[in-house]
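Worksheet: one structure, shown below.
The values are calculated or read from the model by the stated rules, or taken from the named source; none is laboratory data. Since the model is a prediction, treat every value here as computed from it, not as a measurement. Here the Cβ positions follow ideal geometry from the backbone for every residue, glycine too, while neighbour counts run over all protein chains shown.
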Amino acid sequence: MRDKVPAMNHIRGLWLESLGPSAALANPAELRAAMHYCQGLGVSDLYLQVYREGRAWFRSTVAGQEHLLPVLSSGHEPLRAALDLAASCGIRVHAWINAFNLGLNERAPILERSGPEVLLTDNCGTRLDVYSSEGKPPDARAEYFQLDAPKLWLDPSSPHVKQHLETVVSELFEAYPQFCGLHLDFFRYPYFLPMQPSSRIGCGFETGYGQDALQRFAEASGHSDGFKKDERGALRPIDETVSLAWDRWRRAEVGSYTNSFRKIIGAEKTLSVAAIAWADRAFFTAYQNWRQWLSEDSIDQACLMAYTADDELFSYLVHQAAAFQSAHSIVLGGAGVYLHRDAAQLAGQMHAASLAGAKGSLIFSYENLRKKGIDSSTLTDLLGQRRRI
């Protein structure tokens with residue numbers, strides 16, 4: 001068995017974006033400022049965004065490079081600089097990638113190489129590239145429904161998508177073996193708001209219904225005629241048996257990436273997932289089965305996105321997630337500072353994460369700390385007070 005729980009009893013983590021006002025990766029001065037902030041806050045683990053919207057902050061044969069090449073030509077190698085600075089501060093760095101979401105990047109190399117068929121299609125037969133930039137469908141549904149995060153989402157069941165992401169991760173870890181682990185974000189199916197709780201419910205809408213995906217499901221499950229259109233033209237499973245098999249298949253398609261990524265990065269590296277904190281929503285609606293991944297040690301960390309201004313709800317979400325930890329797979333309580341009143345509330349939730357059973361806390365995110373005007377010394381003082389209480 002792998003032993004990924006660090007010697008320290010408590011992880012203090014921070015998500016650092018690749019985009020935003022600080023442009024930390026593109027600007028050496030901003031990168032030094034970010035690392036200085038991390039050091040002042042006592043960050044043990046930095047989750048550094050290195051792949052977003054199909055664009056990579058490292059040389060890649062399959063990902064977008066248009067933003068990176070001017071930076072490299074200036075003599076600045078962002079990831080090398082970030083890893084060296086972190087090492088000098090004793091900070092572990094996890095490579096954060098946005099797996100299945102391309103944002104609004106309609107010129108992402110995977111789309112030019114494999115075609116738009118690798119994008120998800122909803123159960124009305126509408127592919128997501130014709131949705132609006134806000135994630136609304138191009139029909140009457142737009143008045144009432146939209147995706148939880150726009151706009152372009154890759155189909156996890158596509159072999160082209162799997163090959164693409166395996167290549168991205170392989171290139172990254174071959175070039176930068178100093179990363180302590182791989183962190184998977186947008187590692188799920190998107191869902192509509194309002195949400196449909198599983199395909200069994202005969203109303204609402206969801207994704208994954210491309211012709212290629214339906215054919216792969218039919219071949220894997222034996223349900224060759226498992227769907228029919230309702231009176232509104234939306235595909236629905238024909239019965240409970242097909243619905244359960246269909247939902248289980250989509251969860252398994254997402255989960256299969258944990259095995260392939262583990263083989264690429266090696267057993268000694270940490271594999272972590274940005275987990276939807278509402279566990280039943282993750283399971284039934286986003287097909288992200290992080291509770292099973294924890295219990296089976298398929299991942300090492302579930303980084304719970306428990307983003308709320310309700311302190312009681314935050315503690316509840318972390319507590320119910322912590323029940324699925326093992327000796328080798330742990331939960332970290334992720335706090336969304338952008339929703340908080342002030343630094344005191346953030347410190348309170350970080351403290352509450354440990355009381356609820358998590359092995360540490362993460363802050364989303366560096367950019368949001370800056371926007372809130374929370375300096376590291378203020379937060380460190382508050383956390384110190386909490387420890388003394």
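Residues of region 292-328 being of a type in the set (Gly, Ala, Ser), surrounded by 24 or more Cβ atoms within 10 Å (Cβ to Cβ) and not in a helix (DSSP H, G or I), which ones?
Filtering region 292-328 down to residues of a type in the set (Gly, Ala, Ser) leaves 295, 298, 302, 306, 309, 315, 321-323, 326-327.
Still in the list and also surrounded by 24 or more Cβ atoms within 10 Å (Cβ to Cβ): 302, 306, 321.
Within region 292-328, ALA302, ALA306 qualify.
Working carefully through the options PHE187, PHE179, PHE227, find the one that is of a type in the set (A, V, I, L, M, F, W, C), crowded, with 18+ Cβ neighbours inside 10 Å and over 30 Å from LEU46 (Cβ atoms).
Answer to the selection: PHE227.
So which residues in region 269-300 are of a type in the set (S, T, N, Q) and touching an Asp or Glu at 6+ places or on another chain (Cβ under 9 Å)?
THR270, SER272, THR285, listed by residue number.
Here is a check on your reading of the model: is LEU46 closer than 30 Å to GLN349 by Cβ and in contact with a Lys or Arg (Cβ under 9 Å, 6 or more places away or on another chain)?
Spelling it out, LEU46 is indeed closer than 30 Å to GLN349 by Cβ and in contact with a Lys or Arg (Cβ under 9 Å, 6 or more places away or on another chain).
Go over the candidates GLU112, GLU134 one by one and state the one that is surrounded by fewer than 23 Cβ atoms within 10 Å (Cβ to Cβ) and closer than 30 Å to ARG80 by Cα.
Unique residue meeting the criteria: GLU112.
Quick check on my filter: what residues within region 176-205 are of a type in the set (D, E, K, R) and either farther than 11 Å from ALA286 by Cβ or more than 19 Å from the chain's Cα centre (by Cα) (or both)?
ASP185, ARG200
Could you grab the pairs with beta carbons closer than 6 Å, sequence gap of 6+ or different chains, first residue in region 8-35 and in contact (Cβ under 8 Å) with a residue 24 or more places away in the chain and surrounded by fewer than 20 Cβ atoms within 10 Å (Cβ to Cβ), second one among the hydrophobic types (A, V, I, L, M, F, W, C) and not in a loop (DSSP other than H, G, I, E, B)?
As it stands, the answer is ALA26/VAL71, since those pairs meet every condition given.
Looking at GLN320, GLN292, which one is of a type outside the set (Phe, Trp, Tyr) and over 18 Å from the mean Cα position of the chain (by Cα)?
From the options GLN320, GLN292, the qualifying one is GLN320.
Looking at region 29-51, which of its residues are in a helix (DSSP H, G or I) and farther than 16 Å from ALA87 by Cβ?
If the condition is that a residue be in a helix (DSSP H, G or I) and farther than 16 Å from ALA87 by Cβ, then ALA29, GLU30, ALA33, TYR37, GLY40, LEU41 are the ones that fit.
Check whether at least one residue in region 273-292 is within 21 Å of PHE173 (Cα to Cα) and touching a Leu at 6+ places or on another chain (Cβ under 8 Å), and report yes or no.
If we filter region 273-292 for residues that are within 21 Å of PHE173 (Cα to Cα), which is where we start, we get 273-274.
Now drop any that are not touching a Leu at 6+ places or on another chain (Cβ under 8 Å), which leaves 273-274.
Within region 273-292, one or more residues are within 21 Å of PHE173 (Cα to Cα) and touching a Leu at 6+ places or on another chain (Cβ under 8 Å).
Check ALA140 against each of (1) under 21 Å from the mean Cα position of the chain (by Cα); (2) without any contact (Cβ under 8 Å) to a residue 60 or more places away in the chain; (3) more than 30 Å from SER60 (Cα to Cα) and name the one condition it does not meet.
ALA140 satisfies every listed condition except (1).
Somewhere in region 59-75, is a residue at pLDDT 95 or above and β-branched (Val, Ile, Thr)?
Scanning region 59-75, I find at least one residue that is at pLDDT 95 or above and β-branched (Val, Ile, Thr), so the answer is yes.
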